[in-house]
Amino acid sequence: MRRLAGLLVVPLLLLSTAACGSDDKGSDSASMKNGLPAITAGAKFGEKPTLSKGEGDPPKELKVNVISEGKGAVTKKGDALQVNYLGQAWDSATPFDNSFDRGQPFDLTLGAGGVIKGWDQGLEGQKVGSRIEIGIPPELGYGAQGQGDIKPNATLVFVVDILKSVTIPKSATGTPVAQENKDLPKVGTNTDGKAPTLTVPKVDAPTKLVSNYVVESKGEAVKATDTVVVNYVAALWKDGKVFDSTYTAGKPANFPLANLTLKGLKDGLVGKKVGSRVLIVAPPSEAFGDKEQQGIPKNSTLVFAVDILTKM
């Protein structure tokens, strides 16, 4: 499943491949610091860094240097993180990717496997507000296949600013809202972290966007510029068949709403309260229209049960 991942414009780092590192300091020089390439400009937290090219043999294990330690909470597996980063190959002086130029931080769920293993391991146990440098051997990066501009068996170096860390609840919580319209799907109100039931009636689909509370929380309203962390079940109105579910994958999804191209899903989430469960019905005009998309038939009405777990 996970077809909705294709609806987002995401940076290279999201593409993951199918013991945190050495404490060896390494030898320092003008271009090396504690065994990793030195930051030659933009060294402060929040500044776009410039990295030297690596010298000598790269580390064979994951290596993490804390450039400056923050005073925030310690990150743990399962947290939603927001970071800025710059990535460069060990044998290059030119970055292959960075979020500073985009002006948009990158969001991930730590330990969920949505990023390369070197990130999941290197970011765990760090304090919010820290700038760290991570040296990642190929087996914890993109391995023998490489990725885009990254060559096969490349050792990678990242400078990462940890901006925020949020604990993700297991479920929506709040007050169940009566679902009295027999012509709309019914969604379960369980709050145990398991997938809610989603039952689509055998009637004609609505022609306008539907966005209704199933469980209403007291959280902040979602804005169009937010990144939300969600669990969802997605089905076709025509036969009620589920075509995507985060519960099946076993991990929530991060949706930067500014980049979400499925209009009905985006519009159905904006304005709703964080912590709530929402039923969204997106007619073809608010979904994929008259084009088949990733196995979803053209002119399909889509149904979503979405838990808005938190926002970044």
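Of everything in the range 93-112 that's open to solvent by less than 30 Å² (accessible area, probe 1.4 Å) and of a type in the set (S, T, N, Q), which residue is nearest to the chain's Cα centre (by Cα)? Per the stated criteria, the residue is 109.
Provide a single number: the residues in the range 74-89 that are open to solvent by 10 Å² or more (accessible area, probe 1.4 Å) and closer than 25 Å to residue 48 by Cβ. Please lay out each step first, then the result.
Quick first cut of the range 74-89, residues open to solvent by 10 Å² or more (accessible area, probe 1.4 Å) only: 74, 76-78, 82, 84, 89.
Retained after the next criterion (residues that are closer than 25 Å to residue 48 by Cβ): 82, 84, 89.
Selection size over the range 74-89: 3.
Of all residues in the range 61-79, those that are of a type in the set (Lys, Arg) have Cβ atoms under 7 Å from Cβ atoms of residues that are modelled with pLDDT of 95 or more and outside any strand (DSSP E or B), 6 or more apart or on another chain, in 71/129; 76/124; 77/124.
Take residue 115 and tell me if it is open to solvent by less than 10 Å² (accessible area, probe 1.4 Å), outside any strand (DSSP E or B) and either in contact with a strand residue (DSSP E or B) (Cβ under 8 Å, 6 or more places away or on another chain) or farther than 30 Å from residue 283 by Cβ (or both). Break it down into steps so the answer makes sense when it comes.
On the way: open to solvent by less than 10 Å² (accessible area, probe 1.4 Å): yes; outside any strand (DSSP E or B): yes; either in contact with a strand residue (DSSP E or B) (Cβ under 8 Å, 6 or more places away or on another chain) or farther than 30 Å from residue 283 by Cβ (or both): yes.
Yes, satisfied.
Kindly establish whether residue 2 is under 30 Å from residue 287 (Cα atoms), in contact with a strand residue (DSSP E or B) (Cβ under 7 Å, 6 or more places away or on another chain) and either crowded, with 16+ Cβ neighbours inside 10 Å or at pLDDT below 95 (or both). I'd like the intermediate steps shown before the answer.
Numbers: under 30 Å from residue 287 (Cα atoms): yes; in contact with a strand residue (DSSP E or B) (Cβ under 7 Å, 6 or more places away or on another chain): yes; either crowded, with 16+ Cβ neighbours inside 10 Å or at pLDDT below 95 (or both): yes.
When the stated conditions are applied, residue 2 passes them.
Output the residue which, of all residues in the range 55-75 that are of a type in the set (A, V, I, L, M, F, W, C) and under 24 Å from the mean Cα position of the chain (by Cα), is nearest to residue 137 (Cα to Cα). So, considering only residues that are of a type in the set (A, V, I, L, M, F, W, C) and under 24 Å from the mean Cα position of the chain (by Cα), the one nearest to residue 137 (Cα to Cα) is 62. The set of residues in the range 136-172 that are assigned to a loop (DSSP other than H, G, I, E, B), under 21 Å from residue 226 (Cα atoms), of a type outside the set (A, V, I, L, M, F, W, C) and open to solvent by less than 20 Å² (accessible area, probe 1.4 Å) contains only 171. For residues that are open to solvent by 70 Å² or more (accessible area, probe 1.4 Å) and either in contact with a helix residue (DSSP H, G or I) (Cβ under 8 Å, 6 or more places away or on another chain) or not aromatic (Phe, Trp, Tyr) (or both), tally how many sit in the range 33-49. Here the count works out to 5.
Listed by position, the strands (runs of 3 or more DSSP E) enclosed by the range 208-312 that each have at least 1 residues that are within 22 Å of residue 183 (Cβ to Cβ) are 210-216, 227-236, 242-245, 277-282, 302-311.
The values are calculated or read from the model by the stated rules, or taken from the named source; none is laboratory data. All of these numbers come straight from a predicted model, not from anything done at the bench. Positions of Cβ are generated from backbone atoms using ideal geometry, with glycine treated the same way; all protein chains shown enter the neighbour counts. Surface areas here come from the heavy atoms of the whole protein model, side chains and all, with no ligands, DNA or RNA. Shrake-Rupley method; radii C 1.70, N 1.55, O 1.52, S 1.80 Å.
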